[in-house]
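What follows draws every value from the coordinates through simple rules; no lab data is involved. Everything numeric in this text was worked out from a predicted model, so none of it was measured. Methodologically, a virtual Cβ is constructed for each residue, glycine included, from the backbone with ideal geometry; neighbour enumeration extends over all protein chains shown.
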Amino acid sequence: MLPRELAKIAVEALQDKKAGDIRVINISNVSSMGDYFIIADGTNSNQVQAMCDNVEEFMHRAGAKLKNREGYSNGGWILLDYYDIIIHIFREEDRSFYDLEHIWRDGEIIPVGEL
């Protein structure tokens, strides 16, 4: 499955759990780390963990292989690495502190509806 299709699946999983402010950034032209960053937030650790669980379930059903997961037990910032797709799920206050959108501003923002 193409990275863009997997990004769409991940976004659907996040939307299913009422993720806030989902951003998709195409980083393929600025980094060899992957093709897409997906950033979303939740209001508390339980919601952040539920979003993570849902993404893992949707991606598993799509046949995507999880390379790495970090931060689940804390629930403030969970990173899911699916090789070409890197998903960051934050608690709202942690997201504003780390401000990944600013760090990766050279990437291309892809409107969620255009995936």
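Kindly write out, for the stretch 46-53 in residue order, the coupling ³J(HN,Hα) from the Karplus curve 6.51 cos²θ - 1.76 cosθ + 1.60 (θ = phi - 60°), rounded to whole Hz, with x marking Gly and Pro.
My calculation for the stretch 46-53 gives 5, 5, 4, 5, 5, 4, 4, 4 Hz in order.
How large is ³J(HN,Hα) for each residue in the stretch 86-94, as worked out from phi by the Karplus curve 6.51 cos²θ - 1.76 cosθ + 1.60 (θ = phi - 60°), to whole Hz, x for Gly and Pro?
Computed from phi, the couplings for the stretch 86-94 are 10, 10, 10, 10, 10, 6, 3, 5, 6 Hz.
With each run of n ≥ 4 DSSP H residues scored as -39500 (n - 2.57), what mean residue ellipticity at 222 nm is computed for the chain after dividing by its residue count and rounding to the nearest 500 deg cm²/dmol?
Rounded to the nearest 500, the figure is -11000 deg cm²/dmol.
With the contact rule set at Cα under 8 Å and sequence spacing of 6 or more, what percent relative contact order holds for the stretch 1-91?
Relative contact order here is 31 percent.
Where in the chain is the longest stretch that carries no trypsin sites (Lys or Arg not before Pro) classed as loop by DSSP and with at most 15 other Cβ atoms within 10 Å?
For trypsin sites (Lys or Arg not before Pro) (loop position, at most 15 other Cβ atoms within 10 Å), the longest site-free span of the chain is 19-64.
Given Ile109, Gly20, Gly71, which one lies farthest toward the positive end of the charge dipole of the stretch 3-114, if we put +1 on the Cβ of every Lys and Arg and -1 on the Cβ of every Asp and Glu?
Result: Gly71.
Roughly speaking, what is the stretch gain from Glu93 to Glu108, that is 0.36 nm per residue apart minus the C-alpha to C-alpha distance, in nm to one decimal?
Taking 0.36 nm per residue and subtracting the Cα distance, the gain is 3.0 nm.
In Å and on Cα atoms, what radius of gyration and Dmax does the chain show?
Rg then Dmax for the chain, in Å: 12.6, 34.
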